[in-house]
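The values are calculated or read from the model by the stated rules, or taken from the named source; none is laboratory data. Keep in mind the model is a prediction, meaning the values are calculated, not measured. Neighbour counts are summed over all protein chains in view; Cβ atoms, including those assigned to glycine, are modelled from backbone coordinates with ideal geometry. Accessible surface areas use protein heavy atoms only, side chains included; no ligands, DNA or RNA. Shrake-Rupley method; radii C 1.70, N 1.55, O 1.52, S 1.80 Å.
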Amino acid sequence: MSHQWARRPSRAGAAGCAVATGLALLAPLAGCAPRTSSSARFPDVQRMLDDRARAVQKRDEAGFLAAVDPRATGYRARQRAVFAHLSGIPLTDWRYDLDSTDAFPLTGPGGGERLAAKVRLRYRLKGYDTAPVNAVQYLTLTERDGRWLISSDSDGAAAGKSGTRQLWDQGPVRVVHGRHSLVLGGAAHLDRLKDLARRADQAVPAVSAAWKGKWARKVVVEAPDSVEQMAQLMGSDDPSGYRGIAAVTTGEAGVTTAAPADRVIINPDAYEELNDLGRKVVLTHETTHVATRTVTTAATPLWLSEGFADWVAYRGTHRKAATTAPELTRAVHSGKLPAKLPTDADFGFSAGADRLAKAYEGSWLACRMIAERWGEAKLLAFYRAAGRSGLRTAATGGVPMEAATVAPSGARPASPAAGSGYRPLTRADRTDRAMRAQLGVGLAEFTAQWRAYVRKQLR
């Protein structure tokens, strides 16, 4: 099973335009107790889904609609339109997996046996995705004359089970191929899609020049027509959490093997408000998240992941720090120099625009300071080390620990529950260790140096 982390907002302050962007990371797959799968308990349902998937790959409209309940006339008409919208999209490896058959409460007359199915759609974009996208659908299945058919994809909405809409569920889709990018978006805004492809093509080599780690060096950008549609692509029916956010990056954190493909999703309203530099910064920032996703884990502090993405985005622009960090500059001039590095709470949407802006500006300056004083190679090494520091080890029973007392030589450490003096390491502890190993200073000393650096740069 996988689930979504708390979304990571980020900010690109460019030429006086403070517009938030964001990173949505999915938690690594968690283990589940062995049980009989829904597809094994309902093989006829899985066969129907398999036939539907083959119809998509063969561009067989009749086969695709054969899985739809003919009595659900409205849903059938919408599915016919969805199939038409898929035309021209370079799809491959399209498949459905039946996860469960009691995913939401069913109400009202059904006219036969019904199942509330949770179905996982997996697909790749040919030439861009090395692993599939995972999207959840909540479908009402109805048995008709011994066959299972899909009669609705909206019955779960009342219970908060809306699933993740794709662009082709929202309307016609245009496709723009760039040199390093693929941009998908609404049919009415071709110029916007071409501009996004041009900027993404510039962002990919800029990120590769800064980040020496292995990554695909390609990016897929989705540009819906509204913030409401953006929220749907994120699996939400509430667009309020995305207003003012220029872009969001999706992916799965800390996974080096096959993981769901990344997407940069654009909020057209906020993106259109940015000037030229702002748009460049947003696309480069989000592409950095794509490049660094496999080494970004729950142990990576937000100030580091977001500050690093901004550092890459502003790298080579030669802008004055005070121009790039206007909110923090005002705070310093008014005698409100921050006492500590930005915390996770500082990046929350409820923190307020000023606090959020200062969090991103302070994080960018922290990474800028590392690159200047220790070198860019050390900044990259510290980023990797901070992410690795949270990996669980067999020696500690799967939980990073540290000893408050030294055990006798050769003695086996006692369980933490036994009161042996071992305690779980906090993220700050792990960051401190990674920092000492790579930069030669601890977190407290680094914070003091950062405060002095901020004061000097912004005075």
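A few notes on this one:
- Taking the range 123-209 as the region of interest, the strands (runs of 3 or more DSSP E) fully inside it that hold 1 or more residues being in contact with a Ser or Thr (Cβ under 7 Å, 6 or more places away or on another chain) are 133-144, 147-152.
- For R263, the stated conditions do not hold, so it cannot be described as of a type in the set (D, E, K, R) and more than 21 Å from W168 (Cα to Cα).
- Annotation note: Cβ proximity below 6 Å between a residue of the range 379-390 that is more than 13 Å from G307 (Cα to Cα) and open to solvent by 10 Å² or more (accessible area, probe 1.4 Å) and a residue that is among the polar types (S, T, N, Q) and at pLDDT below 95 (sequence gap 6+ or interchain) occurs for G390/T297.
- The lone criterion from (1) exposed (fewer than 13 other Cβ atoms within 10 Å of the Cβ); (2) within 26 Å of D129 (Cβ to Cβ); (3) at pLDDT below 90; (4) of a type outside the set (S, T, N, Q) left unmet by G111 is number (2).
- Taken over the range 71-106, the residue count meeting the criterion of being free of Cβ contacts under 8 Å to residues at least 24 places away in the same chain and either of a type in the set (D, E) or farther than 30 Å from A188 by Cα (or both) is 1.
- Filter result for A131 (surrounded by 21 or more Cβ atoms within 10 Å (Cβ to Cβ), under 21 Å from R293 (Cβ atoms) and of a type in the set (A, V, I, L, M)): no
- Residue list for the range 421-450, filter: of a type in the set (S, T, Y) and open to solvent by 40 Å² or more (accessible area, probe 1.4 Å): Y422, T426
- Here A103 clears all of (1) closer than 25 Å to E222 by Cβ; (2) buried (at least 17 other Cβ atoms within 10 Å of the Cβ); (3) within 28 Å of the chain's Cα centre (by Cα) except the condition numbered (1).
- Per-region count, the range 316-337, residues touching a Lys or Arg at 6+ places or on another chain (Cβ under 7 Å) and open to solvent by 20 Å² or more (accessible area, probe 1.4 Å): 3
- Selected residue (criterion: nearest to W303 (Cα to Cα)) from residues of the range 347-357 that are open to solvent by less than 40 Å² (accessible area, probe 1.4 Å) and touching a residue at least 40 places away in the same chain (Cβ under 8 Å): F347
- Pairs where the first residue, in the range 171-191, is over 22 Å from D129 (Cβ atoms) and the second is in a strand (DSSP E or B) and open to solvent by 40 Å² or more (accessible area, probe 1.4 Å), C-beta under 7 Å, 6+ apart: A187/R174; L190/R174
- Per this entry, G63 is not counted among residues that are under 30 Å from A325 (Cα atoms) and at pLDDT 50 or above.
- Residue match in the range 404-412 (condition: modelled with pLDDT of 75 or more, among the basic types (K, R) and out of contact with any Ser or Thr (no Cβ under 6 Å at 6 or more places or on another chain)): no
- Unique match (being under 24 Å from E327 (Cα atoms) and modelled with pLDDT of 80 or more) among F347, F382: F347
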